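Note sheet for the following structure.
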Amino acid sequence: GMILFSFPSPYPRLCLHSSHRITDKMNMMALMVVVMTVMMLLVSPSLCHDYLTTPTPRKGFSGANADGNENRIMPCEPKTASSPAPRQIVAGQSMPVEWTNGHNTGMYHLEIAPSGQDTSAGNFKRLFSAPGAATKPQGTTLTIPDDTTPGYHTMRFYWNSTLGQWDNCVDLLVIASGSKAGDGSTLSPVDNHLLQPGEYLLMSGSTPIGVYNVNTGAVTCIGGYKADGLNCVASGLAPGPAFAVALVIILLIVGVVVGALIYIKRKKPLLWYGITTKAGDIKNKITGK
């Protein structure tokens with residue numbers, strides 16, 4: 001016969017208009033399945049908004065529905081004491097990034113900004129963009145630009161569509177380009193201990209110039225280099241390439257001047273006499289003799 005659903009109080013009871021009646025235990029089990037399914041549908045962010053999942057982001061996401069019914073702070077939820085530790089990456093290297101896809105529409109963007117400047121969307125530099133697609137989850141291999149300033153940064157996942165604009169963020173610790181992560185096998189040029197995970201050998205080309213310790217925040221430089229933020233930079237002109245270039249230019253100028261004076265003295269005695277006489281007059285005026 002026809003199936004009829006009835007829900008008397010205090011507990012819902014599923015009944016059949018037939019000679020067979022479902023037991024109370026089966027009723028309760030069916031109800032639990034229905035309730036759990038509804039709750040999952042209501043709380044699942046992937047069915048409502050698309051958001052970053054890898055690397056581990058800050059808790060929560062922000063944005064606004066197109067109809068204005070839901071609005072949250074943008075561009076990032078604030079960092080808190082319970083936020084995951086920053087993901088460490090050397091500038092110029094790549095890392096996997098993944099996000100959910102519940103709508104298959106709009107554009108996905110990955111952007112980066114220095115920490116402290118992540119409160120304004122205009123401060124973010126866009127590194128990647130892609131249209132929504134049916135692939136679940138979506139992702140890419142993201143390269144952090146080689147010229148990124150060493151230090152703490154915020155990476156933003158930004159989903160922009162006709163349904164609204166939503167984002168969430170992850171904290172990064174960008175290490176100076178060319179640095180080598182300690183793995184227990186590389187000697188520190190500072191004190192000859194074996195560099196451990198969390199320690200980075202700072203490099204200038206193929207030359208070690210210092211060590212950065214993530215755990216203590218200490219940057220120790222050697223060989224005429226000095227600490228500048230989380231990196232080592234040349235102190236003055238020495239001992240980098242700029243010093244060698246400047247030295248060559250100075251020597252060339254001195255050589256030209258000396259050579260010209262020798263030539264004048266040998267080939268142009270009258271001119272040489274005039275130059276020395278004039279130089280003597282200038283000297284006398286300066287000394288008062």
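The conditions of being aliphatic (A, V, I, L, M) and in contact with a Ser or Thr (Cβ under 8 Å, 6 or more places away or on another chain) are not met by ALA85. Selection of the range 212-229 for residues being within 19 Å of PRO86 (Cβ to Cβ), touching a residue at least 12 places away in the same chain (Cβ under 8 Å) and among the hydrophobic types (A, V, I, L, M, F, W, C) yields VAL214, VAL219. Across the range 113-133, the number of residues qualifying as of a type in the set (A, V, I, L, M) and surrounded by fewer than 16 Cβ atoms within 10 Å (Cβ to Cβ) comes to 3. The residues listed here are CYS221, CYS232, CYS169; of these, the one that is buried (at least 16 other Cβ atoms within 10 Å of the Cβ), modelled with pLDDT of 90 or more and under 30 Å from HIS103 (Cα atoms) is CYS169. Restricting the range 134-147 to residues that are modelled with pLDDT of 90 or more and among the β-branched types (Val, Ile, Thr), the residue that is most open to solvent (accessible area, probe 1.4 Å) is THR141. Take the residues in the range 167-193 that are among the hydrophobic types (A, V, I, L, M, F, W, C) and part of a loop (DSSP other than H, G, I, E, B); name whichever of them is nearest to ARG87 (Cα to Cα). Ranking the candidates gives ALA176 first. Looking across the range 86-112 at every residue that is open to solvent by 50 Å² or more (accessible area, probe 1.4 Å) and modelled with pLDDT of 95 or more, the one that is farthest from GLY198 (Cα to Cα) is identified as PRO96. Scanning the range 148-166 for residues that are open to solvent by 30 Å² or more (accessible area, probe 1.4 Å) and assigned to a strand (DSSP E or B) yields TYR152, TYR158, ASN160, GLN165. For the range 253-261, the count of residues that are modelled with pLDDT of 85 or more, open to solvent by less than 60 Å² (accessible area, probe 1.4 Å) and not in a loop (DSSP other than H, G, I, E, B) is zero.
Residues being assigned to a loop (DSSP other than H, G, I, E, B) and open to solvent by 30 Å² or more (accessible area, probe 1.4 Å): count how many of those fall in the range 207-218.
Within the range 207-218, residues that are assigned to a loop (DSSP other than H, G, I, E, B) and open to solvent by 30 Å² or more (accessible area, probe 1.4 Å) number 4.
Taking the stated definitions as given, is SER204 open to solvent by 30 Å² or more (accessible area, probe 1.4 Å), at pLDDT below 95, touching a Lys or Arg at 6+ places or on another chain (Cβ under 8 Å) and not basic (Lys, Arg)? So SER204 fails the test.
The values are calculated or read from the model by the stated rules, or taken from the named source; none is laboratory data. The shown structure was predicted, so the numbers you read here are calculated from the model rather than taken from an experiment. Every residue, glycine as well, gets a Cβ built from its backbone with ideal geometry; the counts of neighbours run over all protein chains shown. These area figures cover heavy atoms from the full protein model, side chains too; ligands, DNA and RNA do not enter into them. Shrake-Rupley method; radii C 1.70, N 1.55, O 1.52, S 1.80 Å.
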